[in-house]
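To start, the structure under review is shown below, and the notes come after it.
The values are calculated or read from the model by the stated rules, or taken from the named source; none is laboratory data. These numbers come from a predicted model, not from an experiment. Backbone-built Cβ (ideal geometry, glycine too); neighbour counts: all protein chains shown.
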Amino acid sequence: MNLQQLEYIVAVDKFKNFTRAADHSNVTQATLSAMVKKLEEELGVMIFDRKSSPVRTTDAGLEIVEEARVVAAHCEKIKIKAKGGKGKVEGRIRIGVIPTIANSLLPKIIKPLLEKYPKLYIEVIEVTTQNIYRQLREGSLDLGIIGTPNTDADIGEEILYYEALMVYGDVDKKMSYIIPDEIRNNKIWLWEEGHCLREQFVNLCSLRKKDLKPNNLSFDANSFDTILNMVDEFGGLTLIPELYYQSLPKARKNKVHYFKSPVPVREVSLIYYKPYAKERQIKAIGEFIHGRIKPGLVSGQYKNRELFILGIGQ
C-alpha cells in the first residue's frame, strides 16, 4: 500500500468513473486501474463495484476511502510544512460559498486576497449549505462560508462577521424602522427551499404559509436580482443582508428599511472539516475577511444587547 494508491481510490470515489479519475490524477486509466486492483488484492476486499454505472463504492470501500482521505490530508499538511517558512500561505484552497453570501462578499475579497497571497491558488464555487457540509467531509472542499451557528462537532468554525438584516420593499415611507410583526401584513417574497436566508426570514417574522402571497402564484427565487425585481413589480417585501444592501443603487437603497433594536443579524462564518483542516490557510483567510469586512458593517455601531443573532432552523 502506498500514498498514490490511496489518492487513486479517493479520486475514483469522487468521480464514480475510472477514466475521469485517471484524468484527474494525470495517469492512464490502465495504470490507475491496476494500482487500485493491487490495493484491493492486498487488503482482501473489493473497494469498487465496477459492474455498476456509475462506479459504486462498496460499503467496505466507503470506510477505506474515508481513511484514505484522512491520510492524504495529513500528507498534504506535511508537504506544506516541509516547504518551510513560518507564515507562508500558499498552495491550492477550495472554497464553497452559499449564494446569499457569495454575490456580495466575493467581489470585495477575492482580488485583494490574491494580491496579498500571490502563491495561493483559490478555487471558488457557489453551493448550498447542505452540499458544503457534504463536500467538506468528502474532501472536495477545504473551506465553506455559510450562515451559522454550526452544531456539528466535526466541523470547525471561525466567525467572520455579523451583518444586519434589512427589509426591502413597500412600507410606510415615514417609518425609518420596522418590527417583525408589521411584515406579516404584506406580500412576502422568499428564496427557494434550502437557502438559510429563507429560514431566517420565516423564523424572524413567524411567517405561516398563508402569509406568502400572492395566493395564485408559486414562486421561490434563487437570486437577489430576481427577487428584488419581483418586489418592484408586484409590491410586497423581502429580506436582504447588509453587504448586499451596500451594492444597491441609490433608487433601491431608498426602499430599504432597518429593524428596530434589537437588530436581527446573521452570523457569517468560515467552516472546515477538522480532520482535513489546512490550518495556515484557514487562519490567514479568516483573518483577512474579518479585517476587511467587519469595519464597514452597521452592526459595529450597536452594543451587543442591541443585536439579535438569528440562527438557522430555530
Residue identified as within 25 Å of the chain's Cα centre (by Cα) and outside the structural domain of residue 146 (by TED's automatic domain parsing) among 72, 102: 72
Output for region 268-314, where each listed residue is of a type in the set (Ser, Thr, Tyr) and either within 18 Å of the chain's Cα centre (by Cα) or within 24 Å of residue 76 (Cα to Cα) (or both): 269, 272, 273, 276
Residue within region 45-65 that is loosely packed, with under 14 Cβ neighbours inside 10 Å, farther than 28 Å from residue 274 by Cα and either assigned by TED's automatic domain parsing to the domain that holds residue 281 or within 29 Å of the chain's Cα centre (by Cα) (or both) present: yes
Single residue of region 290-305 satisfying the filter (surrounded by 13 or more Cβ atoms within 10 Å (Cβ to Cβ) and touching a Pro at 6+ places or on another chain (Cβ under 9 Å)) that is nearest to residue 101 (Cα to Cα): 292
Candidates 78, 93, filtered to the one that is without any contact (Cβ under 8 Å) to a residue 24 or more places away in the chain and β-branched (Val, Ile, Thr): 78
Segments classed as strands (runs of 3 or more DSSP E), wholly inside region 77-162, with at least 1 members that are surrounded by 15 or more Cβ atoms within 10 Å (Cβ to Cβ) and modelled with pLDDT under 90: 91-97, 143-148
